[in-house]
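The values are calculated or read from the model by the stated rules, or taken from the named source; none is laboratory data. This one's a predicted model, so the numbers in the text were calculated from it and none came from an experiment. For neighbour counting, all protein chains shown are included, and Cβ atoms are generated from backbone atoms with ideal geometry for every residue, glycine included. The protein model used for the area step is the full one, side chains on, heavy atoms only, and it has no ligands, DNA or RNA in it. Shrake-Rupley method; radii C 1.70, N 1.55, O 1.52, S 1.80 Å.
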Amino acid sequence: MSSILVGSAPDSWGVWFPDDPQQTPYTRFLDEVAESGYRWIELGPYGYLPTDPVRLADELAARSLKLSAGTVFEHLHQDDSWSAVWKQIEDVAKLTAAVGGKHVVVIPEMWRDPSTGAVLEERTLTPEQWRKKTQGMNDLGRAMYEKYGVRAQYHPHADSHVDTEENVYRFLDGTDAEHVNLCLDTGHISYCGGDNIAIIRRAPERIGYLHLKQVDPEVRAKVEAEDLPFGEAVKLGAMTEPPHGVPEMPPLLAEIDTLGIDVFAIVEQDMYPCHVDTPLPIATRTRNYLGACGIPSVRFS
């Protein structure tokens, strides 16, 4: 029988940066994520939570919280990128492993600035850039597991080069399941026009981690029509509270249930920036909703 371990993340509290006056202070985030009924969290941007492992472990233990994963960004398709990406991995993987986490979610950097919409590079990769990205991820996944014992879970992302369902398949076909698997972010896949259940069925052995998220179809249609950058879409409410968006959660969770695997499913609702009083009620309602979806393998501890 599978076990879908549901948690939450700083992202659901409007946290995108290590330090930002618009964001919820980390102590309030930890208090509220525990209050809302979750027991598993992610690190969020490195530096938001304490980076001293003893202090972080104490903060988590004081609230009966545990860590599922850290997060890093990659740009391995660019020349001379390895050192910069590996430096992030060194910091995040070391801290993650020190407090018991077993995964690092790796996200492709975006080709345009999420806030200003400024185009930073071409929207599509050349075949050689694809080769660099996939081979680089194979090497990265192997190195982070061998040195720190954490697994690389790759997270397709809007406004990045690994975004659409087609590009997800291309990425999976170019990487080795021994060292790199998929963090299926249900919101980003739907935002980019993809079919989450189709991906699960095509590559069930590559589902290593989940981010649970829903998209408002009306906002997504506006984003597509006006070619809006991701940050602007978030401000418009592109990522919405379940069950008010797509994809539908009960059939998606049921599909994961059929795989018979143990997997983390971390709730994320992008809403940077947001008022500090906004996240807790949403997080509580979302936790209760997911618990009532009727999927026996959904657990919260």
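Centre-to-centre, using Cα atoms only, region 10-78 and region 208-284 are separated by 18 Å. Rounded to the nearest whole Hz, the Karplus-based 3J(HN,Hα) values (6.51 cos²θ - 1.76 cosθ + 1.60, θ = phi - 60°) of region 293-301 follow the sequence 6, x, 9, x, 7, 5, 10, 10, 7, with x at glycine and proline. For region 62-155, the list of trypsin sites (Lys or Arg not before Pro) that fall in a loop by DSSP and count at most 13 other C-beta atoms within 10 angstrom reads 123.
In whole percent, and with a 1.4 Å probe on the protein chains, what portion of the accessible area of region 3-299 is carbon and sulfur? Looking at region 3-299 in its full context, I get 49 percent from C and S.
Taking a 29 Å limit on the Cα-Cα distance, which of the listed pairs 87/132; 94/133; 147/235 fall beyond it? Intermediate values should be presented prior to the final figure.
Numbers: 87/132 18 Å; 94/133 23 Å; 147/235 39 Å.
147/235, as the Cα separations exceed 29 Å there.
Between 116, 175, 134, the residue with the greatest mean-square fluctuation in the GNM of the chain (Cα pairs under 10 Å linked by springs) is 116.
With R₀ set to 25 Å, the beta-carbon distance separating residue 128 from residue 202 gives a calculated FRET efficiency near 0.45.
Restricting to bridges with both residues inside the chain, how much of the DSSP beta-bridge set is antiparallel, in percent to the nearest 5? Counting only bridges with both partners in the chain, antiparallel ones make up about 15 percent. For the pair residue 292 and residue 46, label points projected 7 Å from Cα toward Cβ lie 4.1 nm apart. In this simple spin-label approximation, residue 178 and residue 244 carry label points 7 Å from Cα along the Cα→Cβ vector, and these lie 4.7 nm apart.
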